[in-house]
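A.B. asks: Here's a structure for you.
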2 protein chains.
Amino acid sequence: MMRITVSFLPSELLPKPLGAVAPDGQDSGVLPATAIVIDVLRATSVVSAALANGAKRILTFADLEEARSHAMGLRDQQEAVLLCGERNCQPILGFDLGNSPAEYDRETVQGKTLCLTTTNGTKALQAAQPFEKILTASFTNAAAVVAALPHSNQPIHIICAGTDGSITGEDTLLAGRIVDACCKSFGAKIDNDSAEIARRYWLQDEQGQSLAERLRQSQGGRNLDRLGFGADIQRCAASDTINVVPQVTARSPMEIAMMR
Amino acid sequence: MMRITVSFLPSELLPKPLGAVAPDGQDSGVLPATAIVIDVLRATSVVSAALANGAKRILTFADLEEARSHAMGLRDQQEAVLLCGERNCQPILGFDLGNSPAEYDRETVQGKTLCLTTTNGTKALQAAQPFEKILTASFTNAAAVVAALPHSNQPIHIICAGTDGSITGEDTLLAGRIVDACCKSFGAKIDNDSAEIARRYWLQDEQGQSLAERLRQSQGGRNLDRLGFGADIQRCAASDTINVVPQVTARSPMEIAMMR
């Protein structure tokens, strides 16, 4: 039976995730489970958009200078690279792209390697390191991610990025949506209270409020609105418009590519 | 205007809480705010019961041996002391009382000093250390706590204990109930997404489920049921049956007494 757990923040998993113990009782450092990393506004929505528009792979970095030097190294090897990311929601001086899904159109990203650095999304990916399989999800590709989950006894662990250590409503909503879809489609068993709290937060009737309105009222939504990125909220709320499943395909640096 | 924030876990506040900066901009180490500490199953329910039944004061300790030696010191000074608490929900060998509200009747506790050690509740109290005013709440005294809150611009910060680092539904429910009561009674402004998530978790219609049933399905409730303490869930769900407001009255050790 599928079992599903939610962490509202990466810090709930670090430094020790769940006890990285292999089935034989030995500590292998690898958890036989699937992690789904969520940073709705906007890192994982950007990842979905970039891969849907043909980006070859996305390398993610915690550190800005590390992203820059890695990109330069790849360029020296004649690889087509874009340097991408944000700090405090804003584009970074000298970078090719910021953190708005609108920038990641086909003409810009097709066939390219992206070197991406975002504050919160990167921390969530790092917290997912011990998991055997790591996917990323946004509202735009949520149905595709759910459909791609293994129907095995391996636990599913959803990791919300939050913002600067604070739990955010927008990530909780998507976590709840995925939990609910897994319960309905696969009869998944909810394995911690956070998963149940997220599911009910997603399900509760908000008097006909649209998803975009709910995202706009969350901490991340209010931040984006204030900084003039309000249009991105609508983009990140376009549910199930993208049929790609981003998967971590290498670990150092963390590389994300389309699931094969 | 009253502003209200929720932390689902003490770890969200430690090591640095919110930035302990006084109004004059100097770091005073004291936050001009009220913390409400919640550990529904069962530490803060025990605190409510004990004070309602006439306990003189409750000294809380993280460490079992520290609780024991402090109690012995007080006994040497002819103080009437009870050594109380739990580890993994179970009574502690050689202690006078465990962690069931039923044990804290008037005959047992009146006029006594209690030395209490509980794993999760103590961590939540420690996380509240920087706050100028610290109250504790349970469902049994929630209305009294809300009525006692200052109607000032000082922020209210609810700190949920959780269980061993995991967010628990039972603490989230009470946090949501207090947030909702503050919104309705005082027009309080919700200041972080966790407070909104908790409020909606509390408000959502669970098809006529009683509070005791909801507590029983939470992580803490399932634990208690499994260990044979199911009757305590009903006791902790007896909303607004106690009219006391426990307040921290000294810090080292953390002492809780009835608000004057």
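A.B. asks: Which residue pairs have Cβ atoms closer than 8 Å, lie 6 or more positions apart in sequence or on different chains, and pair a first residue in the range A:72-91 that is without any contact (Cβ under 8 Å) to a residue 24 or more places away in the chain with a second residue that is β-branched (Val, Ile, Thr)?
C.D. replies: Once the first residue is without any contact (Cβ under 8 Å) to a residue 24 or more places away in the chain and sits in the range A:72-91, its partners that are β-branched (Val, Ile, Thr) give A:ARG75/A:VAL81.
A.B. asks: Can you find even one residue in the range B:182-193 that is on the phi > 0 side of the Ramachandran plot, away from chain A (no Cβ under 14 Å) and surrounded by fewer than 18 Cβ atoms within 10 Å (Cβ to Cβ)?
C.D. replies: yes
A.B. asks: Of all residues in the range A:163-185, which are among the polar types (S, T, N, Q) and farther than 15 Å from A:ASP39 by Cβ?
C.D. replies: A:SER185
A.B. asks: Is it the case that some residue within the range A:132-146 is over 30 Å from A:ASN88 (Cβ atoms) and touching an Asp or Glu at 6+ places or on another chain (Cβ under 9 Å)?
C.D. replies: There is at least one residue in the range A:132-146 that is over 30 Å from A:ASN88 (Cβ atoms) and touching an Asp or Glu at 6+ places or on another chain (Cβ under 9 Å).
A.B. asks: Which residue pairs have Cβ atoms closer than 7 Å, lie 6 or more positions apart in sequence or on different chains, and pair a first residue in the range B:223-248 that is without any contact (Cβ under 8 Å) to a residue 24 or more places away in the chain with a second residue that is open to solvent by 60 Å² or more (accessible area, probe 1.4 Å) and not hydrophobic (A, V, I, L, M, F, W, C)?
C.D. replies: Hits for this filter: B:ASP225/B:ARG216.
A.B. asks: OK, next. Taking the condition within 18 Å of A:VAL6 (Cα to Cα), in contact with a Lys or Arg (Cβ under 7 Å, 6 or more places away or on another chain) and at pLDDT 95 or above, does A:ALA137 pass?
C.D. replies: In short, no.
A.B. asks: In the range B:194-214, how many residues are under 28 Å from A:GLN219 (Cβ atoms), open to solvent by less than 50 Å² (accessible area, probe 1.4 Å) and in a helix (DSSP H, G or I)?
C.D. replies: 8
A.B. asks: In the range A:7-56, how many residues are over 20 Å from A:THR140 (Cβ atoms), at pLDDT 75 or above and within 14 Å of chain B (Cβ to nearest Cβ)?
C.D. replies: 7
A.B. asks: Please enumerate the residues belonging to the range B:215-240 that are surrounded by fewer than 20 Cβ atoms within 10 Å (Cβ to Cβ) and within 10 Å of chain A (Cβ to nearest Cβ).
C.D. replies: B:GLN217, B:ARG222
A.B. asks: While we're on this one: Could you look through the range B:88-147, keep only residues that are over 18 Å from B:GLY162 (Cβ atoms) and β-branched (Val, Ile, Thr), and pick out the one that is most open to solvent (accessible area, probe 1.4 Å)?
C.D. replies: Ranking the qualifying residues of the range B:88-147, first place goes to B:THR108.
A.B. asks: Same structure, new question: For the structure I just gave you, tell me whether B:ALA144 is touching a residue at least 60 places away in the same chain (Cβ under 8 Å), among the small types (Gly, Ala, Ser) and within 13 Å of chain A (Cβ to nearest Cβ).
C.D. replies: Answer is no for this residue.
A.B. asks: Checking B:THR241 against (1) β-branched (Val, Ile, Thr); (2) closer than 23 Å to B:PHE131 by Cβ; (3) not in a strand (DSSP E or B), which test does it fail?
C.D. replies: (2)
A.B. asks: For the range B:148-181, which residues satisfy the criterion of being buried (at least 20 other Cβ atoms within 10 Å of the Cβ), assigned to a loop (DSSP other than H, G, I, E, B) and within 14 Å of chain A (Cβ to nearest Cβ)?
C.D. replies: Hits for the range B:148-181 are B:ALA161, B:GLY162, B:ILE167, B:THR168.
A.B. asks: Can you give me the number of residues within the range B:241-250 that are touching a helix residue (DSSP H, G or I) at 6+ places or on another chain (Cβ under 9 Å), surrounded by 18 or more Cβ atoms within 10 Å (Cβ to Cβ) and of a type outside the set (A, V, I, L, M)?
C.D. replies: Result for the range B:241-250: 1.
A.B. asks: Also, quick follow-up: For the subset of the range B:194-214 comprising residues that are facing chain A (nearest Cβ under 9 Å) and of a type in the set (Gly, Ala, Ser), which member is farthest from A:LEU203 (Cα to Cα)?
C.D. replies: Here the residue is B:SER194.
The values are calculated or read from the model by the stated rules, or taken from the named source; none is laboratory data. Please read all numbers here as calculations on a predicted model, not as lab measurements. Cβ coordinates were reconstructed from backbone atoms using ideal geometry, including for glycine residues, and neighbour counts include every protein chain displayed. Note: accessible area is taken over every heavy atom of the protein model, side chains too, but ligands, DNA and RNA are not part of it. Shrake-Rupley method; radii C 1.70, N 1.55, O 1.52, S 1.80 Å.
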